1. In this structure, does Ala107 turn out to be touching a residue at least 40 places away in the same chain (Cβ under 8 Å) and either out of contact with any Asp or Glu (no Cβ under 6 Å at 6 or more places or on another chain) or not assigned by TED's automatic domain parsing to the domain that holds Pro62 (or both)?
2. Can we say Ile70 is outside any loop (DSSP other than H, G, I, E, B) and over 27 Å from Ala528 (Cα atoms)?
3. Say whether the condition of being at pLDDT 90 or above and part of a loop (DSSP other than H, G, I, E, B) is met by at least one residue in segment 283-305.
4. Which residue is nearest to Ser196 (Cα to Cα), if the candidates are limited to segment 149-185 and must be in a strand (DSSP E or B) and of a type in the set (D, E, K, R)?
5. Given the structure, is Thr77 among the hydroxyl-bearing types (Ser, Thr, Tyr), farther than 16 Å from Val518 by Cβ and not in a loop (DSSP other than H, G, I, E, B)?
6. Just checking, how many residues over segment 189-207 are modelled with pLDDT of 95 or more, buried (at least 21 other Cβ atoms within 10 Å of the Cβ) and not hydroxyl-bearing (Ser, Thr, Tyr)?
7. Within segment 199-207, identify whether any single residue is part of a strand (DSSP E or B) and touching a strand residue (DSSP E or B) at 6+ places or on another chain (Cβ under 6 Å), and answer yes or no.
8. Run Pro10 past the list (1) assigned to a strand (DSSP E or B); (2) closer than 27 Å to Arg300 by Cβ; (3) not polar (S, T, N, Q) and report the number of the one that doesn't hold.
Amino acid sequence: MPAAPLLSIPLQNPGSKGLNTLDSSNILDVSWAVELDNAVFDNAGRIAARKGWTKLTSSGSPGAHNIEQIHCWEDGTNTVVISASNNDIFYGTTTLASKKGALTPTANNWQFLNWDDGTNKKIVAWQKSHSPIVSTVTGTTPGNFAAIVASTGTVPAGNCVMSAWGRLWASDSDNLTIKYSGLLNETQWSSGGAGSFDTRYYWPRNGDFITALATYQDKLVVFGRKNILIYGGTLSPSSSLALVDSVEGVGCVARDSVQSLGNDLIFLSETGLRSLNRTLAVDRGTGSLTPLQEVASQARDTILSYVFGNETAIRSCYNVKEGFYVLAIPNSTQHVVFIIDLKGLKTQGLLGNEQIDIDRARVARWTGWSTYGLAYGRNQVMYGGFADTTDSNNGVIGWYTGYLDNATSYTFSWKSPWIDLGAQDQGESGNFLKIPKEMQIYTVGYAGGTYAVTHGYDFNTIYFANNITIPGNGSATSEWGTPGSEWGLSEYGYSTTFNIEKNKSYMLSSGQVIQIGVSASISSNAFALQRIDIYLKRGRSAR
């Protein structure tokens, strides 16, 4: 009697929905990941290795001190990088030139802000327990920073600042009062239409303090740690400023987690990442607020496990080119970065404005990309502040590029959830013991690269492993793209060294549910995971 043919079970788009640690003990489909490290989501929806970082700084380093803050000053054509480290303020990337002048700061947690008073282009900065400072930019060169000297009133000395509607808006040292400057004048705080208001009268339950400021759809957003206040009438604040909305129970725990995403804001709260649009969503049938929605709730607990105690050091940016929000959490035990991928999630709102369908955001974790400061410029460069381990851990500025972390390899890894193979083939293998014989793994990467494949069964911690080398024969033909893309000669295209490859991995043992892992050492070359096919025999009925 001939042997029964092997059943083929295709596992399409492994990991493409991103990291899901919330349901990691449950049976899920293969498009989730319970581990997804050093990964991004490419333009075809695959999980792929992130880029690394390349050092820009060759002189002027602050020594073995972290570059804790990075800011991009821009004039529409040029991007100039400002950074803070070792109680100093620097200008430049290749050479770091001190611009602190006669200042004597004792911390590096400045919130820098671009400012134009109608005559001069400037950079202002605020941080708690310090006098606010200003630098005038001549051409593309910032001058030394100096304390802002008030011509009228008193400059607020809090931890937050923003510019909008021709004014500076800043928190005062009590973390309750917000002051706004005179029109186009950072020195006027009691003239030129300047004024102030006390938030303590507006916080729900009369208890909170200011953690961040932002603009949202022509309104002023005041974040507390546990609440949010939203003010309108900001064009004429002395006569028209009024509270128009508030959110109770959700606030912002990290000032520098707030980023603008078109018509939305994303921020880090005590209960995870939030979108202001989703937080304020209204049910058009009842007119009432819908239940609060989180961003990346499937990985919330994992993200929050790194947050508390590190709020002041958290940095973020929105990488427009790559389509992801980046949250960097310097942590004493493990320095991590989370990305929230938003590519392909833009939709048209009811008023024709562009919105992001935040519910489908995907998450990945980065290790080894250990930045402290973080900024994204209009030149489409993402800058980070790193410790150069090849040079006495000196602080340097680097940028997101290539496939090495400052000449050091790193590891891409994906682990599937537990998968019910019977469900994957619509019951063809049914409630039977599965006896997998082999996997065929489709990858995108450079020939000669290696990766490891693991598999285990039935919630057991014993795994079988196999190492695979990608052949170097250049035999694959192109399915995608045009020359000049991030993947080399062509976007997932033909070359003698860069192919779509199908590789075989033999499988051992048997079980009802299976977990698969793929990890690859990234050393100068790209890598992406496309598809996995499992070939199995059907065993006895499972009990």
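1. Values: touching a residue at least 40 places away in the same chain (Cβ under 8 Å): no; either out of contact with any Asp or Glu (no Cβ under 6 Å at 6 or more places or on another chain) or not assigned by TED's automatic domain parsing to the domain that holds Pro62 (or both): yes.
When the stated conditions are applied, Ala107 does not pass them.
2. Details: outside any loop (DSSP other than H, G, I, E, B): yes; over 27 Å from Ala528 (Cα atoms): yes.
Judged against the criteria, Ile70 is a match.
3. yes
4. Restricting attention to segment 149-185, the residues satisfying the condition of being in a strand (DSSP E or B) are 152, 161-164, 167-171, 177-180, 182, 185.
So of that shortlist, the ones also of a type in the set (D, E, K, R) come out as 167, 179.
Working: Arg167: 12, Lys179: 4 Å.
So, considering only residues that are in a strand (DSSP E or B) and of a type in the set (D, E, K, R), the one nearest to Ser196 (Cα to Cα) is Lys179.
5. On the way: among the hydroxyl-bearing types (Ser, Thr, Tyr): yes; farther than 16 Å from Val518 by Cβ: yes; not in a loop (DSSP other than H, G, I, E, B): no.
No; evaluated as a whole, the condition is false for this residue.
6. Qualifying residue count, segment 189-207: 2.
7. So the first thing to find is which residues in segment 199-207 are part of a strand (DSSP E or B), and the list is none.
Scanning segment 199-207 turns up no residue that is part of a strand (DSSP E or B) and touching a strand residue (DSSP E or B) at 6+ places or on another chain (Cβ under 6 Å).
8. Evaluating Pro10 over (1) assigned to a strand (DSSP E or B); (2) closer than 27 Å to Arg300 by Cβ; (3) not polar (S, T, N, Q) leaves (2) as the failure.
The values are calculated or read from the model by the stated rules, or taken from the named source; none is laboratory data. Being a predicted model, the structure only gives us computed values, none of them experimental. For neighbour counting, all protein chains shown are included, and Cβ atoms are generated from backbone atoms with ideal geometry for every residue, glycine included.
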